[in-house]
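Before any comments, here is the structure.
The values are calculated or read from the model by the stated rules, or taken from the named source; none is laboratory data. Quick caveat, the model's predicted, so the values are computed rather than measured. Cβ placement follows ideal geometry from the backbone for every residue including glycine, while neighbour counts extend to all protein chains displayed. Areas reflect the complete protein model, heavy atoms only, side chains present, ligands, DNA and RNA absent. Shrake-Rupley method; radii C 1.70, N 1.55, O 1.52, S 1.80 Å.
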Amino acid sequence: MAEQATLREQLLERRERVQTTLKEVGPADDLVRLLKEVDSALKRIDGPAFGTCEACHEKVEDEMLQAHPLLQWCLCRLTPDQQDALQRDLDLASKIQWSLLPKEDLMHAGWLVHHRYRPAGPVSGDYCDVVTRDGEGGSLDFLVGDVSGKGVAAAFLMARLSAMFRSLIESEPPIEQMVGHANRLFAESAISSQYATLVSGRATAAGEMTICNAGHHPPVVIRGDSVEPIDATGFPVGLFSSSPYTVSRLNLDPGDLLVLYTDGLVEARDRNDREYGAGRLHRVLREKRSLAPRRLAAACLQDLSAFLSGRPPSDDLTLMILKREE
């Protein structure tokens, strides 16, 4: 079952927030009811019934319990009509997520950007975005992120991150300040177990690139036959509200590429529980570096598919490739 100490901490933190709000707004019925639910969960947490569906007596999945520690029932209580309604909601949520993605092949300011987005289920906790700007030769902001967890809870947080960054990018702050501001907002509004790793960057028409890596898998720069990882420059967003961030600065020449990805790619496991790994990805990128971004992405995913040998993906996967045009 999910780590009880972590769940207890979440519940105590939630109880404190509800009590603080009650002091500010008075005994609102919904807040009083929520406080009772939290107290009930705290009483159950050390007993055998915690994390068990009260209807079918099966264990609630750890992932669901971590996202919703007040859960007392699984989906077994839903009628067929309710299950159909839930499926329609998930289908609509999936369509909305896809509509938030950038164009699959975007050209701006001398850059070609291609991405692939593969949710493991109806909705995803991965985040992928590109924002273009005109003026002074033009520039673009790009971001790839991964919210902790999977499913609906992660998708909600992904949507929040998307709105947050879209709002912050409008004022064109330095990348490290933008990520730092997003970190404070996310840490103040999310529960303690929620965080996101991400890479945020800005590329200019002159080939200059600024990258902030908040605890994410290292993106790689491909120059000739060289594959150079860019290490993290700060903690994941949402872990520490005052966490400082720094950036890496580099210049890409025409023909150079930057590749970003989420853990659904490098942490994928085959039927023998072997991990795909960054080393194998780097080898594919080195061998296929002359391909256009769309074909290079296809080559990476084809190699992953061959590695998995039919095993279905267990995590969301996002891949983004930026190429400085010649």
log10 I(q)/I(0), Debye, Cα-only the chain, no solvent, q = 0.07 Å⁻¹? -0.33
I want to check the label-to-label distance for E16 and E136. Put each point 7 Å from Cα in the C-beta direction and report it in nm to one decimal. 4.3
In order over the stretch 89-100: 3J(HN,Hα) from phi, Karplus 6.51/-1.76/1.60, θ = phi - 60°, whole Hz, x for each Gly or Pro, gives 4, 5, 4, 5, 4, 5, 4, 5, 4, 5, 5, 7
Of the residues V32, V179, V113, which exhibits the maximal mean-square fluctuation in a Gaussian network model of the chain defined by a 10 Å Cα contact cut-off? V32
When Lys and Arg each count +1 and Asp and Glu each count -1, what net charge do the other residues less than 13 Å away from L239, Cβ to Cβ, add up to? 0
What is the gain in length, in nm to one decimal, between S167 and N251 on full extension, counting 0.36 nm per residue of separation less the C-alpha to C-alpha distance? 27.5 nm
Given H placed 1.01 Å from N in the peptide plane, which residues other than close sequence neighbours of D256 have an amide H under 5 Å from its amide H? R324
Would you please put 305-316, 205-216 in order of how densely packed they are, using the mean number of other Cβ atoms within 10 angstrom per residue and starting with the highest? 205-216, 305-316
Please sort by residue number the trypsin sites (Lys or Arg not before Pro) in the stretch 258-319 whose DSSP state is loop and whose Cβ has at most 11 other Cβ atoms within 10 Å. R271, R274
Place a point 7 Å from Cα of R286 in the direction of its Cβ. Which residues in the stretch 219-238 have their backbone N less than 18 Å from it? 219-231
By the gyration tensor of its Cα atoms, with a ≥ b ≥ c the square roots of the eigenvalues, what is the shape of the stretch 167-326: rounded for a/c under 1.5, prolate for a/b over b/c, or oblate? oblate
Any chance you could give the angle, 0 to 90 degrees and rounded to 10, that helix 151-169 forms with the longest Cα principal axis of the chain? 50
For the stretch 194-281, which chymotrypsin sites (Phe, Trp or Tyr not before Pro) pass both filters: DSSP loop (anything but H, G, I, E, B) and at most 14 other C-beta atoms within 10 Å? F240
Of the accessible area of the chain, computed with a 1.4 Å probe and all protein chains kept, carbon and sulfur make up a percent value of 50
R0 of 22 Å, Cβ-Cβ distance A206-L101: FRET efficiency to nearest 0.05: 0.20
How much accessible area per residue does the chain have, in Å², with a 1.4 Å probe? 50
FRET efficiency for D270 and L90, Cβ-Cβ distance as r, R0 = 30 Å, nearest 0.05? 0.60
Rounded to two decimals, the Rg over Rh value of the stretch 129-254 from Cα coordinates and the Kirkwood Rh reads 0.98
